[in-house]
Amino acid sequence: MAFGIGAIGALAGCSGPLSTLDPSGPAAASIATLWWVMLAGALVLFALVMVLFAAAFLWPGWGASVPPHRWVALGGLALSAVVLVPLVAYGLVVGERLLPLPGTTPPRIEVRAEQWGWSFHYPDHGGKRTAGVLHLPAGTPVDIVVTSRDVIHSFWIPRLAGKIDAIPGRTNVLRIQANAPGRYAGLCAEFCGIGHATMRFEVVAHPAAEFPDALANAGTGTEAKK
């Protein structure tokens, strides 16, 4: 009973506007899959340790003939390596796929962070600017070029992609894609001062054919700055 209630409570955190386990884009889906694979690996490692613990508890003296250094080598190193090495290899492969590799030139949107808000510039659409709301074409990859006006921030749309730092004097590029039209939540994931908790923004993904008109009719926002 208690286990069932706990499982329901845990699964309830797998959805919502800021859930990384409820992906709506290919990058976020890769990250969510990596999380589940890592969880499975952790459970396998935990189960192996519990088997050894149960053997020592149920059969006192079991394993006493094995020298301590061999327990360290086999139990501490080999046992962990069986699970951790494949996980690291898989993580590297997934991480490489998330990089905005050259060869394609998707639309670009410039993002500037500052205490405590976000402004967005669309150079491919007549230099349009918005603040507090990021507009995207659904079903199309977009390169987000991120920088900061003051301190280090972190640009994050949990359901679409991973985080990327916004650093003063430097630009970082994150490729994102919304699979379907809709609204998504974004926020700063790096503590940046007393207003950090309110440094959020909204993402609106429009049908690709409607995106130019939707962006043209979008308000600039009171915080948009040149």
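The values are calculated or read from the model by the stated rules, or taken from the named source; none is laboratory data. What you are looking at is a predicted structure, and each value in this text was computed from that prediction instead of being measured. FYI the Cβ positions are ideal-geometry reconstructions off the backbone, even for glycines, and counts take in every protein chain you see.
Here TRP71 meets each of (1) in contact with a Gly (Cβ under 9 Å, 6 or more places away or on another chain); (2) at pLDDT 75 or above with one exception, condition (2). Among the residues here, ALA197 qualifies as modelled with pLDDT under 95, over 23 Å from THR105 (Cα atoms) and either buried (at least 20 other Cβ atoms within 10 Å of the Cβ) or not charged (D, E, K, R) (or both). Summed over segment 161-194, the residues that are crowded, with 16+ Cβ neighbours inside 10 Å and under 21 Å from GLY139 (Cβ atoms) give a count of 12.
What tally of residues in segment 133-150 results from selecting those that are touching a strand residue (DSSP E or B) at 6+ places or on another chain (Cβ under 7 Å) and in a loop (DSSP other than H, G, I, E, B)? Write out each step before concluding.
Let us first name the residues in segment 133-150 that are touching a strand residue (DSSP E or B) at 6+ places or on another chain (Cβ under 7 Å), namely 133-138, 141-150.
Keeping just the survivors that are in a loop (DSSP other than H, G, I, E, B) gives 138, 141, 149-150.
Of the residues in segment 133-150, 4 are touching a strand residue (DSSP E or B) at 6+ places or on another chain (Cβ under 7 Å) and in a loop (DSSP other than H, G, I, E, B).
Okay, residues lined up against (1) exposed (fewer than 11 other Cβ atoms within 10 Å of the Cβ); (2) closer than 25 Å to LEU39 by Cβ:
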{"site": "VAL49", "(1), (2)": "no, yes"}
{"site": "PHE53", "(1), (2)": "yes, yes"}
{"site": "VAL82", "(1), (2)": "no, yes"}
{"site": "ALA89", "(1), (2)": "yes, yes"}
{"site": "PRO100", "(1), (2)": "no, no"}
{"site": "PRO107", "(1), (2)": "no, no"}
{"site": "GLU110", "(1), (2)": "no, no"}
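Regarding ALA161, is this residue in a helix (DSSP H, G or I), modelled with pLDDT under 95 and of a type in the set (Gly, Ala, Ser)? No. Residue count for segment 145-160 under the criterion of being of a type in the set (A, V, I, L, M, F, W, C), touching a Pro at 6+ places or on another chain (Cβ under 9 Å) and buried (at least 19 other Cβ atoms within 10 Å of the Cβ): the result is 1. Residue check: GLU202 meets all listed conditions (1) touching a residue at least 40 places away in the same chain (Cβ under 8 Å); (2) crowded, with 17+ Cβ neighbours inside 10 Å; (3) closer than 16 Å to VAL111 by Cα but one, namely (2). Screening segment 88-104 for residues that are part of a helix (DSSP H, G or I) and among the hydrophobic types (A, V, I, L, M, F, W, C) and picking the one that is modelled with the lowest pLDDT gives LEU98. Checked against the criteria, GLU210 counts as out of contact with any strand residue (DSSP E or B) (no Cβ under 8 Å at 6 or more places or on another chain), assigned by TED's automatic domain parsing to the domain that holds GLY126 and acidic (Asp, Glu).
Just one of (1) farther than 21 Å from ASN217 by Cα; (2) modelled with pLDDT of 95 or more; (3) among the polar types (S, T, N, Q) fails for SER119. It is (1).
Of all positions in segment 173-192, none carries a residue that is touching a Ser or Thr at 6+ places or on another chain (Cβ under 6 Å), within 18 Å of LYS128 (Cβ to Cβ) and part of a loop (DSSP other than H, G, I, E, B). Selection of segment 11-37 for residues being under 26 Å from SER80 (Cα atoms) and modelled with pLDDT under 85 yields an empty set.
Pairs linking a residue in segment 87-102 that is within 21 Å of VAL145 (Cα to Cα) to a residue that is of a type in the set (Lys, Arg) and at pLDDT 75 or above, with Cβ atoms under 7 Å and 6 or more positions apart or on different chains, are PRO100/ARG175.
Filter segment 55-78 for residues that are of a type in the set (Gly, Ala, Ser) and surrounded by 10 or more Cβ atoms within 10 Å (Cβ to Cβ); which is farthest from LEU45 (Cα to Cα)? If you could, list the steps in order and put the result at the bottom.
So the first thing to find is which residues in segment 55-78 are of a type in the set (Gly, Ala, Ser), and the list is 55-56, 61, 63-65, 73, 75-76, 78.
Going one step further and asking which of them are surrounded by 10 or more Cβ atoms within 10 Å (Cβ to Cβ), we end up with 55-56, 63, 73, 75-76, 78.
Working: ALA55: 16, ALA56: 17, GLY63: 19, ALA73: 16, GLY75: 11, GLY76: 11, ALA78: 11 Å.
Within segment 55-78, the match that is farthest from LEU45 (Cα to Cα) is GLY63.
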